[in-house]
Each structure stands twice: as C-alpha cells, then as structure tokens.
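Structure first, then comments.
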Amino acid sequence: MKVKKAIIPAAGLGTRFLPATKSLPKEMLPIVDIPAIQLIVEEAARSGIEEILIITNSNKQAIENHFDINYELESRLRDANKQAEEKMIRDIAEMSNVLYIRQKEPKGLGHAISCAKAFVGNEPFAVLLGDDIVVNETKPALKQLIEAFDEKQASILGVQRVAKKDVSKYGIVKTIDSYSKNNKLYEIDNIVEKPNQTEAPSDLAVLGRYVLTAEIFEILEHQKPGKNNEIQLTDAIATLLNKEAVYAYEFSGKRYDIGDKFGYLKANIDFALNRDDIQVQLYEYLKEIIK
C-alpha cells in the first residue's frame, strides 16, 4: 500500500510562546515570513502526500484561513500590479488538499491522532509534528520514511541521535539491529516516552515524523492515559510492537526544534541567511554584534 495521507496535529495551546500565542496559533509563528505550518505542509506535498488532515481546536481559524483562497487580497494585489505576490498566495491555497477536524479536548497527541480514524480508514498514513522543521533540499525527511515504508510495509518512526542530556525530551527507541547497508533502518525492540538519562535505552530519539499503519487506531481506542494524564502516541506504539514489526529510520536533514525558543531563533537565523533578499544585511549585522 502507498502512503497518500498525512496528519498534522495542531491543537496544542503553545504555552511556551505566550503571550504571542494568546491569540495567534503557535503553528502560524513565522520562520522569517513563512508560517511554520506552511513549511510542514510543503514537506508533505514534496513527499507525495495527496491529502492532509490538520487537527485543530476552536482557536485555530487562522490556520484554515491561511490555506484558503483569499479573493479580496488577490484582487488588491492584482490591482497593484503585484503579480508575484498574487501567485504566491494562490500557490499556498493550491499546494495540497487540506482538510480539518477539531480535537475537542486536550487529551494528548495519541488522542489527536485518533480523531483522524475516519479520514485515514485502513490505509497507512504519515504524521508530521509542527514543532519539528527538517531541512533537506535533496529529499524531504518524510519522503525518506515513505521509501522505508515501501520497502518494509510496516510502521516507520523518524529518528536522529540526540545528546544524552536531551533524551528526557523525546521518545527514545531501543533497536534490535541494523537492517540496511547504510545503517539507517533499524527494527525497534522497545520505545520509552521521555526517559531520564539512566533509563534511556539509546540516543535515538523520535523527532516528529512517522509513517504508521492503521492498526494504531484500534490501540489508541483502548489506550490508557500515560504521562501528564494524556493519551500518548508513544505508549500506543509500544503496544503496536507486540502485534507487528515497527522500524526506526535515521533520516538525513537539519532539524530545528521550533517548540523551543532558542531552536525557533536558530531556525529564523539560518533560514534568513539562506535568503537572497536579506542574507547580506543579516550577515553584516551578526558580524557587527559579535564584535
């Protein structure tokens, strides 16, 4: 089976970025001038995803508006002879078939994923978390996972190695062995949600990209609350391991944790330094303040 659908959970409150997120969804915070969630949708589209379901809540209308057609704005840009800007905003609305559903209660990532059961049906599907932006101009991180799924026809978790001091921030996998010649694809023996340093089974952290089989939905329906009294996707994956093989793929790309303030700032600086319109000015300014 092919992976054609993706889920982007976007129902979180974004409390780490208050007061900005009091009225603005955290997913709409810009990386320079592009909302973070647009970068996530672009990665999904570049990876061959045909339909995207964004899980929202009652305060996230700005996300829906962003991916909708804005006839009034297009008309004003057209009248101002700003064809490039007009095309840019129309392209945003047409980059993918984006649908929405609300998570009515904040019960955790696993619960958010379960809201997509009717959308997914019995197909394999991708999950992209909005706090993780991965830059790989050659092949998107999700595309790498989809290719691993095509090979194994089993759930694939996107992982990268993290510093030992950071293992408590992520789901950490214990692997059985390596299956590919380039040592990037591993069968998983166990997964632990945010362990402390002494309990972490490895330094391979799950970093916001998944391809999952539909079997996960039945597990989520019966999953008991875990850490923070929430339905944890990690706990459901641990149960899935008892039913079928699950793999970890160590994807290539530079990853930014934009759910962290410093990570968000790093992403803005690096993206700006790759922009022809402002890179020189920013570079000169950074040299000046470093003095």
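Hey, can you tell me all the residues within the stretch 119-141 that are within 13 Å of ALA6 (Cα to Cα), at pLDDT 95 or above and of a type in the set (Gly, Ala, Ser)? Matches in the stretch 119-141: ALA126 only.
Would you confirm whether any residue within the stretch 117-124 is closer than 22 Å to LEU220 by Cα, open to solvent by 50 Å² or more (accessible area, probe 1.4 Å) and of a type in the set (Gly, Ala, Ser)? Yes, the stretch 117-124 contains a residue that is closer than 22 Å to LEU220 by Cα, open to solvent by 50 Å² or more (accessible area, probe 1.4 Å) and of a type in the set (Gly, Ala, Ser).
Any chance the stretch 236-259 includes a residue that's part of a helix (DSSP H, G or I), open to solvent by 30 Å² or more (accessible area, probe 1.4 Å) and touching a residue at least 60 places away in the same chain (Cβ under 8 Å)? No. Per this entry, LYS139 is counted among residues that are out of contact with any His (no Cβ under 9 Å at 6 or more places or on another chain), basic (Lys, Arg) and assigned to a loop (DSSP other than H, G, I, E, B).
Residues are listed down the side, and each one gets a yes or a no for (1) out of contact with any strand residue (DSSP E or B) (no Cβ under 6 Å at 6 or more places or on another chain); (2) open to solvent by less than 60 Å² (accessible area, probe 1.4 Å); (3) touching a residue at least 60 places away in the same chain (Cβ under 8 Å):
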{"position": "LEU157", "(1), (2), (3)": "no, yes, yes"}
{"position": "VAL167", "(1), (2), (3)": "yes, yes, no"}
{"position": "ILE176", "(1), (2), (3)": "no, no, no"}
{"position": "VAL192", "(1), (2), (3)": "no, yes, no"}
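Within the stretch 103-116, the set of residues being open to solvent by 70 Å² or more (accessible area, probe 1.4 Å) and touching a residue at least 12 places away in the same chain (Cβ under 8 Å) comprises LYS104, PRO106, LYS107. Once the stretch 204-228 is narrowed to residues that are modelled with pLDDT under 90 and among the charged types (D, E, K, R), the residue that is most open to solvent (accessible area, probe 1.4 Å) is LYS224.
The values are calculated or read from the model by the stated rules, or taken from the named source; none is laboratory data. All of these numbers come straight from a predicted model, not from anything done at the bench. All Cβ positions, even for glycine, are placed from backbone atoms using ideal geometry, and neighbour counts span all protein chains on display. Only protein heavy atoms, including side chains, enter the accessible area calculation; ligands, DNA and RNA are left aside. Shrake-Rupley method; radii C 1.70, N 1.55, O 1.52, S 1.80 Å.
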